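As structure tokens, the structure follows; a few thoughts come after it.
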Amino acid sequence: MTKIFRFGVIGCGLMGHEFASAAARWLHLADVKARPEIVAVCDTNATLLDWFRDHVPTVRQFTADYKELLANPEVDAVYCAVPHVLHQQFYIDILKAGKHLLGEKPFGMDAAQNREIMAVLAEHPELLVRCSSEMPFFPGAQKVIALAKSGEMGDIIEVEAGFLHSSDIDRQKPINWKRMAEINGDYGCMGDLGMHVLHVPLRLGWRPTTLHAQLVKKVTERPDGKSGMLPCTTWDNATISSRVRTGDQDFPMVLKTWRIAPGESNTWYIRVLGMKKSAFFSTKSPRQWQWMDYNGGAQAWSTEDLGYGSLFPAITGKIFEFGFADAIQQMWAAFVDELAGGNANGFGCATPAEAQAHHAVLTAALKSGREDVVVPVEYDGASA
């Protein structure tokens, strides 16, 4: 019999809706040990609560006070999708309430807040805690990851990973909390996008040892929606040039978190160049991945159409396309599988240790960008 895990959702906006959709379509997955059921929701926006009333009939608790949700004995686990400034207090309270947690990145507004979360987590080893990062669940990304793990690429020449948006090139786009350092954090675009970019490198053991960051702020104010203007106090773009040294590898790695990337909508990509094999995937071409074998002679990239070859099997025919909503559901399948005692089919959601390591990278990048210096990355005891 399929096990049911009862979820509460704190923060019922865009990503809360995505989770509700993924849970409602759980029959889309062909062979799973367990499924989520959303039974409680919390938001201070009554309109968002009404959306759940209209669309998710399993919800039995609607509240504007997240502590009421945490006191609900029916809730086994929580998905928390709130602004960065709230992560520390909310995540700690969730853990102290004994609830499993899938939290949003960056898992604390800064490294200091992340340390506080990690300290409480250490007191609750019985809880499964993970960080949201859905892009590596695209089949093409999984192909690149598998090839990188195989050891067949030879000496790595360079790695590049990025997440590119274009919407902030519009200077008339109204300001929101992600452009306010007091709510988003000083990382700016790095805090919002950095876990996406670093999830795969960190999973592969590619930790930057030193780095230099170029931080860009092109738009200094935005409309406030009330005929006035407000200052933008976060970084628009960050390009981090780093050095990775492992036991047998030494190579440069470039990380890009851009909110002003002309022509890009929501592009995640990873490129790994090796002396024997190379690989590339971008969500711009979501059903394809590219690789190159080099054994002397001609050098030519090969392109393969993948269809719907998902990590967790689904009812969709293999000839059809995989998309963002599918990646969200695959991420949730990985989390729920771990809740049920599985191994997430070999690729789990971002771990708290990976979130802590990514804070180390972003903290170094912030110092580097402000001072224009090369900075060593101090991992603060985070395990690999």
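Here are the numbers for the structure shown:
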item: Within segment 15-67, trypsin sites (Lys or Arg not before Pro) in DSSP loop having at most 12 other beta-carbon neighbours inside 10 Å; result: R60
item: Segment 147-270, relative contact order in percent, only Cα pairs under 8 angstrom and at least six apart counted; result: 41
item: Rg/Rg_globular for segment 293-361, with Rg_globular taken as 2.2 N^0.38 Å and Rg from C-alpha atoms; result: 1.54
item: Against the rule of thumb 2.2 N^0.38 Å, how large the Cα Rg of segment 224-269 comes out; result: 1.82
item: Phi to ³J(HN,Hα) by Karplus 6.51 cos²θ - 1.76 cosθ + 1.60 over segment 237-250, Hz, x for Gly, Pro; result: 10, 9, 10, 10, 9, 10, 10, 10, 10, 10, x, 10, 9, 8
item: Dmax and Rg, reported as Rg then Dmax, of the chain (C-alpha, Å); result: 20.7, 66
item: Kyte-Doolittle at least 0.0, axis length at least 18 Å by Cα - qualifying DSSP helices, the chain; result: 189-203, 324-339
item: Fraction in percent of alpha-carbon pairs per bin - 10 Å, segment 161-286; result: 12, 39, 30, 14, 4, 1
item: Relative contact order (percent, whole number), segment 237-318, Cα cutoff 8 Å, 6+ residue spacing; result: 16
item: Dipole of the chain [Lys/Arg +1, Asp/Glu -1 at C-beta], most positive-end residue of N114, P125, A30; result: A30
item: All Cα pairs of segment 213-304, percent lying beyond 18 Å; result: 65
item: Exposed chymotrypsin sites (Phe, Trp or Tyr not before Pro) absent: longest stretch of the chain, with sites in DSSP loops and at most 16 other Cβ within 10 Å deemed exposed; result: 1-293
item: Projected area, mean over directions - segment 1-130, Cα convex hull, nm²; result: 8.0
item: Long pairs among K143/K284; K143/K256; K277/K367; K99/K256; K67/K226; K105/K149, criterion Cα-Cα beyond 23 Å; result: K277/K367; K99/K256; K67/K226; K105/K149
item: Label-point separation, N345 to K96 (7 Å along Cα→Cβ), nm; result: 3.8
item: Mean-position separation - Cα centroids, segment 130-147 and segment 1-42, in angstrom; result: 20
item: Where Rh is the Kirkwood radius over Cα pairs, Rg/Rh for segment 254-384; result: 1.02
item: From phi via Karplus (6.51, -1.76, 1.60), per-residue ³J(HN,Hα) for segment 295-308 in Hz, x at Gly/Pro; result: 10, x, x, 5, 10, 8, 7, 9, 10, 10, 7, 9, x, 9
item: Simple Cβ-charge dipole of segment 156-259, Lys/Arg +1 and Asp/Glu -1, about Cα centre, in debye nearest 20; result: 180
item: Given charges at beta-carbon only (K, R positive; D, E negative), |dipole| of the chain in Debye; result: 380
item: Neighbour cut-off at most 16 other Cβ (10 Å), DSSP loop, GluC sites (Glu not before Pro), segment 6-94; result: E74
item: Rotationally averaged projected area of segment 81-224 (alpha carbon convex hull; nm²); result: 11.1
item: Cβ charges +1 (Lys, Arg) and -1 (Asp, Glu), total dipole of segment 255-384, debye; result: 340
item: Ranking by accessible area, most exposed first, for M118, M135 with a 1.4 Å probe; result: M118, M135
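The values are calculated or read from the model by the stated rules, or taken from the named source; none is laboratory data. This structure is a prediction, so every number in the text was calculated from the model and none was measured. Because the Cβ atoms are built from the backbone with ideal geometry, glycine has one as well, and the counts that use them run over all protein chains shown. Note: areas computed on protein heavy atoms with side chains; ligands, DNA, RNA excluded. Shrake-Rupley method; radii C 1.70, N 1.55, O 1.52, S 1.80 Å.
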